[in-house]
Amino acid sequence: MQTYKLAVIPGDGIGREVTPVALKILKKATNSVAEFVEEHFELGAEHWAATGGTFEHPESGEVLTDETLEAIRKNDAILLGAVGDPSVPSGVLERGLLLKLRFGLDHYINLRPSKIYPNVDSPLSDKILGRGPVDFIVVREGTEGLYCGAGGSVRTGSENEVATEVSINTAYGVERTVRYAFELANTRERKKLTLVHKHNVLVNAGHLWRRTVEKVAPEFPDVSTDYLHVDATTIFLVTDPQRFDVIVTDNLFGDILTDEAGAISGGIGLAASGNIDASRRNPSMFEPVHGSAPDIAGQNLADPRAAILSAAMLAEHLGLNDAGAKIREAIDADILEFGTAKGRSTTQIGDSILSRI
Ligand code: IPM
Ligand code: MN
């Protein structure tokens, strides 16, 4: 029996409802092979307010201290719910908690699978869906680009305000992401890698990404590559999603495309993700792509399946592949029976999946 240390961060809103469900299912699926020693971290809007954060003085509250980050780092993996609340100014929790974790733990791969399950409502027409399975995965760079926080503003609030946001792209950061994407594509049936960028305009970063793909490609002779501008990609995601297998792209493009990917594949209620340090020097973190959904929070209405699928990714990351497969089979069966049908509670969906394991 293998023992793993698991940091659990339910976070805000529906994160507090879906995370316990995902945890219960993870434990049941792994109970014969692994034991999880949990450490729960109460972080998010409530903790920030309780430590003195206010809308006027957000910096007075505690978001994620360096000590807590170090405590989280000592774990083998992290299960995260969702972060964000309207009582906190935009950016405080996102930058101070979620991005501090991703950057501090070097989660340079943000892995976001997308597939259209049978019996799930997709806004795509039957004509498009009739062309075969939609099953692709976005490898989003997680620690660079426009997310670095490079920039600032001067003369803030005046008519002469100047604001900059600088996109940082390093050869090191791009290459490790591109390599990961090639390796992943090489394990998949179709072995196809699409680079998405905008190198007709963003000629500096864009050509760095393009040259890096060209440099690494000869090491993966079985993987075919192509390139799309990001604007064209948004079109193909709704007109021909079957063309995609593995997409590799930068941080912001990946953020936007994976919301669209969630929408075409039956809603954000099924979109899971992993924030991965593929070097395994730091624990990787698994979270649903959806946010904290304050409008439905506390009502037992949230679909826990994205969190449960994230727990399956967590199990697989730790090498617990049978457990991951068990969770996926249970989810497949649940979706086949109920689809995206609304009207089921968080608890009902959780119990239905739990009983199938
Ligand atoms: C996501 C979210 C985050 C991101 C925000 C909350 C910082 O939108 O996980 O996709 O932009 O990465
Ligand atoms: Mn996003």
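The values are calculated or read from the model by the stated rules, or taken from the named source; none is laboratory data. Predicted model, so just to flag it, every value in this text is computed and none were measured. Methodologically, a virtual Cβ is constructed for each residue, glycine included, from the backbone with ideal geometry; neighbour enumeration extends over all protein chains shown. For accessibility, only protein heavy atoms count, side chains too; no ligands or nucleic acids. Shrake-Rupley method; radii C 1.70, N 1.55, O 1.52, S 1.80 Å.
Which of the residues that make up the stretch 29-61 are farther than 24 Å from A293 by Cβ, within 27 Å of the chain's Cα centre (by Cα) and small (G, A, S)?
Once the filter is applied, which keeps residues that are farther than 24 Å from A293 by Cβ, within 27 Å of the chain's Cα centre (by Cα) and small (G, A, S), the stretch 29-61 yields A29, A34.
Considering only the stretch 299-313, I want to know if a residue exists there that is in contact with a Lys or Arg (Cβ under 9 Å, 6 or more places away or on another chain) and among the acidic types (D, E).
Checked the stretch 299-313: at least one residue is in contact with a Lys or Arg (Cβ under 9 Å, 6 or more places away or on another chain) and among the acidic types (D, E).
In the stretch 253-304, what residues are within 12 Å of ligand 1 (Cβ to nearest atom) and assigned to a helix (DSSP H, G or I)?
Of everything in the stretch 253-304, those that are within 12 Å of ligand 1 (Cβ to nearest atom) and assigned to a helix (DSSP H, G or I) turn out to be F253, G254, D255, I256, L257, T258, D259, E260, A261, G262, I268.
Filter the stretch 11-43 for residues that are within 19 Å of A77 (Cβ to Cβ) and small (G, A, S) and give the result.
Matches in the stretch 11-43: G11, G15, A22, A29, S32, A34.
For the subset of the stretch 97-137 comprising residues that are of a type in the set (F, W, Y) and within 16 Å of ligand 1 (Cβ to nearest atom), which member is least open to solvent (accessible area, probe 1.4 Å)?
Checking each candidate, the answer is Y108.
Which is acidic (D, E), buried (at least 23 other Cβ atoms within 10 Å of the Cβ) and farther than 24 Å from A71 by Cα, of D303, D322?
Working: D322 fails: buried (at least 23 other Cβ atoms within 10 Å of the Cβ).
Just a single option satisfies the conditions, and that option is D303.
Taking the stated definitions as given, is I256 at pLDDT 95 or above, out of contact with any helix residue (DSSP H, G or I) (no Cβ under 7 Å at 6 or more places or on another chain) and surrounded by fewer than 23 Cβ atoms within 10 Å (Cβ to Cβ)?
Details: at pLDDT 95 or above: yes; out of contact with any helix residue (DSSP H, G or I) (no Cβ under 7 Å at 6 or more places or on another chain): yes; surrounded by fewer than 23 Cβ atoms within 10 Å (Cβ to Cβ): yes.
The answer is yes for I256.
Quick one: in the stretch 282-297, which of the residues that are more than 16 Å from ligand 2 (Cβ to nearest atom) and under 13 Å from I109 (Cα atoms) is surrounded by the most Cβ atoms within 10 Å (Cβ to Cβ)?
Of everything passing the filter in the stretch 282-297, P283 is surrounded by the most Cβ atoms within 10 Å (Cβ to Cβ).
From the list D245, D231, exactly one residue is away from ligand 1 (no atom under 12 Å from the Cβ) and over 30 Å from V18 (Cβ atoms). Which is it? Walk me through it before giving the result.
Working: D245 fails: over 30 Å from V18 (Cβ atoms).
Sole residue among the options that is away from ligand 1 (no atom under 12 Å from the Cβ) and over 30 Å from V18 (Cβ atoms): D231.
Would you mind finding the one in I247, I264, I235, I268 that is open to solvent by 20 Å² or more (accessible area, probe 1.4 Å), more than 12 Å from ligand 2 (Cβ to nearest atom) and either under 16 Å from the mean Cα position of the chain (by Cα) or of a type outside the set (K, R) (or both)?
Values: I247 fails: open to solvent by 20 Å² or more (accessible area, probe 1.4 Å); I264 fails: open to solvent by 20 Å² or more (accessible area, probe 1.4 Å); I268 fails: more than 12 Å from ligand 2 (Cβ to nearest atom).
Of I247, I264, I235, I268, the one residue that is open to solvent by 20 Å² or more (accessible area, probe 1.4 Å), more than 12 Å from ligand 2 (Cβ to nearest atom) and either under 16 Å from the mean Cα position of the chain (by Cα) or of a type outside the set (K, R) (or both) is I235.
Across the stretch 189-222, what is the total count of residues that are touching a strand residue (DSSP E or B) at 6+ places or on another chain (Cβ under 8 Å), outside any helix (DSSP H, G or I) and open to solvent by 50 Å² or more (accessible area, probe 1.4 Å)?
3
Scan the stretch 167-186 and report the pairs whose first residue is part of a helix (DSSP H, G or I) and crowded, with 16+ Cβ neighbours inside 10 Å and whose second residue is modelled with pLDDT of 95 or more and acidic (D, E), with Cβ atoms within less than 8 Å and a gap of 6+ or a chain change.
G173/E141; G173/E144; V174/E141; V174/E144; T177/E141; F182/E219; A185/D245
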